[in-house]
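Since the structure comes first, as structure tokens, the remarks are kept for the end.
What follows is calculated from the coordinates using simple rules that are stated; it is not laboratory data. Not measured: the values here are computed from a predicted model. Virtual Cβ from ideal backbone geometry, glycine too; neighbours counted across all protein chains shown.
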Amino acid sequence: MPRIVLADDDDDIRRVVEMGLTASGFEVFAAPDGEEALRLMREKKPDAVVLDLMMPKMHGFAVCQAIRQDPQLKDLFIVVGSAKAYPADIKKVKELGANVYMQKPHNLKLLAQTLHDAIVRRPGSGSSGSSAAPVSGTVSGPGADVFQVKFWGTRGSIATPGHQTLRYGGNTSCVEVRSGGTILLFDCGTGVREAGIALMREFPKQPLKIHLFVSHTHWDHIQGFPFFAPAYVPGNQLSIYSLRGTDKGLEKIFTGQMDSTYFPVDLADMRAEFKFVELEAPVQIGDMKVLHVYLNHPGVAIGFRVENAGKSVVYVTDHEPYYRLLGDSEQSRKLDTEIDTFAHDTDLYIREAQYTEEEYPSHRSWGHGTWKDALHSAHAAKVRRLFLYHHDPMHDDETIDRIVESCRAYMQEQGMKFECSAAADQQLISL
């Protein structure tokens, strides 16, 4: 992965840019000041650096000058970003060696493309020389994106930490969807622990109101809940939405998993204010409307669709196409079409794709499908972007890479036009 050192003293901006570049395929090393940035450059040997202009300890002007005077760093590709847009400042940073000046707040797509183009063009690894012309870019103000979607857990069945799952991640299901100041979480597998830590860091003193939608209560979709830090903070509000279980209510299920037989802390010891909602109809939360649909999975399972301002995100995990289980018939086709209709015309389709075609026969009736099932559903639903999800615990990073390659080759053969990627932990998407 291309390496980037990112230096900015604004915690929020640094976090957003770091997540955006990480989602675009870069390995990012972040620093809060110019001095720390220089230390990281010498240690990590990055391909490029993104600098704020006004930073403590060493401002961007001084860092640019230090880079060009250091024999080990002098060929590094430098992007300087600042809310300052004075021609004299732009001229000065160029004189001191910056390749590109961008006005903040950053246009993350333009920034990622600029870095990618510079690194691809550089003459050999470890050298970031580039003759790229200066580029300036602006984005509209905060809240310009209708949705921010972040994957916190993308693995199915059981968490799989280790060196073989570093890129796509080993945490089980959890996806964050934001619109404005409203925070939705979908499922609370082991990924919800890191989501909770991030939320506590982002809002250290502000009470949180979080809406958690649970597709079903199998272990891999709820096992992170006892480790969700915001649930222990007085003043926080946590609303949990799902269907009633097959033989017990939703609140009883969550209370039961924290029984002393399984866990040393009771649900009653969590200090946040809880509200359990057994879904019967669409839910309106601020400007967002959340709909649900039944999925084909042992027990009771549902998928979700979030709509706002003409955009939508669909989350369909743990689903075995009906034609796979029941055979190809008018009834099974009708049921499968209902799922496709639910996802129709969505901007982002998060769809379970646990097995390959070769693996499926030995797992028939387990409640999961294949990557081809995900592709055909996305094509029928006319979606714009598909993210393969709920990766099998036996699939390491290289296996998922091969699955994505197979998907794209199959899409080309079949004339499918949407974008297709594999979801990865910590990945951020803006709509």
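Would you mind working out the magnitude of the charge dipole of the chain relative to its Cα centre, with +1 at each Lys and Arg C-beta and -1 at each Asp and Glu C-beta, to the nearest 20 Debye? Roughly 1260 debye, rounded to the nearest 20. Filter K289/K372; K150/K209; K311/K334; K150/K289 down to the pairs with a C-alpha to C-alpha distance above 21 Å, please. Among K289/K372; K150/K209; K311/K334; K150/K289, the Cα-Cα distance tops 21 Å for K289/K372; K311/K334. Projecting the Cα atoms of H297, L243, P282 onto the charge dipole of the chain, computed from C-beta unit charges around the Cα centre, puts P282 farthest toward the positive end. For Q65 and Y323, the difference between the fully extended length at 0.36 nm per residue and the C-alpha to C-alpha distance is 86.5 nm. Principal-axis analysis of the Cα atoms of the chain puts helix 60-69 at an angle of about 70° to the longest axis. Our coupling estimate for the range 23-38, obtained by passing each phi through the Karplus curve with A = 6.51, B = -1.76, C = 1.60 and θ = phi - 60°, is 5, 8, x, 9, 8, 10, 10, 9, 9, x, 8, x, 5, 5, 4, 4 Hz, Gly and Pro reported as x. Is the range 3-121 best put as rounded, prolate or oblate by its Cα gyration tensor, with a ≥ b ≥ c the root eigenvalues, rounded for a/c under 1.5, and otherwise prolate when a/b is larger than b/c, oblate when not? Since a/c stays below 1.5, the shape of the range 3-121 is classed as rounded.
Principal-axis analysis of the Cα atoms of the chain puts helix 397-414 at an angle of about 80° to the longest axis. Spin-label pair D345-D11: with each label point 7 Å from Cα along the Cα-Cβ axis, the two points sit 4.2 nm from one another. Taking Cβ atoms as reference points and 10 Å as the exclusive limit, the residues near R201 contribute a net charge of -1, counting Lys and Arg as +1 and Asp and Glu as -1. The packing ranking, built from the mean of other Cβ atoms within 10 Å per residue, places the peptides 309-316, 233-240, 170-177 in the order 170-177, 309-316, 233-240, highest first. Per-peptide packing, taken as the mean over residues of other Cβ atoms within 10 Å, places 278-287, 294-303 in the sequence 294-303, 278-287 from highest down.
Per-peptide packing, taken as the mean over residues of other Cβ atoms within 10 Å, places 377-384, 335-342 in the sequence 377-384, 335-342 from highest down. Multiplying the residue separation of F263 and E398 by 0.36 nm and removing their Cα-Cα distance gives an extension gain of 45.1 nm. You can think of it this way: the chain between R384 and E202 has 62.5 nm of extra reach, that is 0.36 nm per residue less the Cα-Cα gap.
Between E43 and Q331, the modelled label-to-label distance comes to 6.3 nm, taking each label 7 Å out from Cα in the direction of the beta carbon. Rounded, prolate or oblate: which fits the range 259-327 when a ≥ b ≥ c are the square roots of the eigenvalues of the alpha-carbon gyration tensor, with rounded for a/c under 1.5 and prolate only if a/b beats b/c? Oblate shape, in that a/c is at least 1.5 and b/c is the bigger or equal ratio. Across the range 257-274, coupling constants 3J(HN,Hα) worked out from phi with the 6.51/-1.76/1.60 Karplus curve, θ = phi - 60°, read 5, 9, 4, 4, 5, 10, 8, x, 10, 7, 4, 5, 7, 6, 8, 5, 8, 9 Hz, and Gly and Pro carry x. Between E27 and K94, the distance separating the two model label sites (each 7 Å from Cα on the Cα→Cβ line) works out to 3.4 nm. For a paramagnetic label modelled on E251 (point 7 Å from Cα along Cα→Cβ), amide N atoms under 16 Å away are absent within the range 182-218. Both radii come from the Cα set of the chain: Rg as radius of gyration, Rh as Kirkwood radius; their ratio Rg/Rh reads 1.00. What is the angle, in °, between the Cα long axis of helix 371-381 and the longest principal axis of the Cα atoms in the chain? Nearest 10 is fine, range 0 to 90. With rounding to tens, the tilt is 90 degrees.
What FRET efficiency, computed as 1/(1 + (r/R0)^6) with R0 = 60 Å and r the Cβ-Cβ distance, is obtained for E338 and A83, rounded to the nearest 0.05?
0.75
Listed by chain and number, the lysines whose alpha-carbon sits under 19 Å from that of K94, ignoring those within fewer than 8 places in the same chain, are K74, K84, K104.
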